[in-house]
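Encoded as structure tokens, the structure appears first; notes follow it.
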């Protein structure tokens, strides 16, 4: 699954610390912490009919991550929201848009890892692109194809995944393995061999034994997913049996259904894992139902930023 260039994005206006510039003229200092050491946090948001879905939850997570990294100053929700709005208006965007927020520790007075070298405040980058859910083109009649990566997710005592940081090397290494295997993405396990997430999304399965139960991993070696939490909310609201616990790959292989969740890709069904068909190789009824419920929710809720 390879994303392609969208001609609508050729003349994007991007926002760097409140300055709106053409994408080809945008730049940050080589002394910025994101360049120096990946010392930054990020969020992905999606715009539906002028509304940003789960905006407060995303900004809460951004702030939580920045606090965990001891940023000396963090913009308020209102300040960030205003810069998102200005960026959307500059690009005349209102639907089918993905927004990448990046907050770095800022520019250093000289190169080095010491946060005390950061004395200018943070750098906020707002990148809004015309981007449909990224897995749409890959799904077809066969769904996503996943492999199991050899790269393990860090546990909290190594690098807590609850920090939504910009050091994505683990994910990139897993994605390289998926690319080399001809798969769409890669499942990543925790250090005990249980399912954590893919290189880009959370994973849900429908148990293959007894009455159907939706299962997803505990938040031990994966981040606090906004879409993941939304799916669990939908399960509670609509009486869909579900459980959060450790999941082994054996359970994935014998699952009735499997799907991934994320803001950039929404809900995407999985047809194969490690070359093995999941269930009957078709999108299952629980996945379909949750997909419809999610679409209904995104079409009716969110914070209105542009008319």
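Observations, loosely collected:
- Check on residue 81, surrounded by fewer than 20 Cβ atoms within 10 Å (Cβ to Cβ), within 17 Å of the chain's Cα centre (by Cα) and in the same structural domain as residue 23 (by TED's automatic domain parsing): no
- Positions within region 144-195 being over 14 Å from the mean Cα position of the chain (by Cα) and assigned to a strand (DSSP E or B), in sequence order: 144, 145, 146, 147, 148, 186, 187, 188, 189, 195
- Checked against the criterion of being free of Cβ contacts under 8 Å to residues at least 40 places away in the same chain and crowded, with 18+ Cβ neighbours inside 10 Å, the candidates 114, 190 yield just one match: 190.
- Filtering region 197-220 to residues that are assigned to a strand (DSSP E or B) and either within 26 Å of residue 34 (Cα to Cα) or outside the structural domain of residue 280 (by TED's automatic domain parsing) (or both) leaves 197, 198, 202.
Here is a yes/no grid of residues against (1) surrounded by fewer than 21 Cβ atoms within 10 Å (Cβ to Cβ); (2) over 30 Å from residue 128 (Cβ atoms); (3) outside the structural domain of residue 148 (by TED's automatic domain parsing):
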| residue | (1), (2), (3) |
| --- | --- |
| 251 | yes, yes, no |
| 255 | no, yes, no |
| 264 | yes, no, no |
| 269 | no, no, no |
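- Among the residues of region 221-255, those identified as free of Cβ contacts under 8 Å to residues at least 40 places away in the same chain, farther than 27 Å from residue 299 by Cβ and assigned to a helix (DSSP H, G or I) are 250, 253.
- The helices (runs of 4 or more DSSP H) found wholly in region 26-131 and carrying at least 3 residues that are out of contact with any strand residue (DSSP E or B) (no Cβ under 6 Å at 6 or more places or on another chain), modelled with pLDDT of 95 or more and closer than 20 Å to residue 13 by Cβ occupy 77-90.
The values are calculated or read from the model by the stated rules, or taken from the named source; none is laboratory data. From a predicted model like this one, the values you see are computed outputs, not experimental measurements. Glycine also receives a Cβ, built like all others from the backbone with ideal geometry; neighbour counts cover every protein chain displayed.
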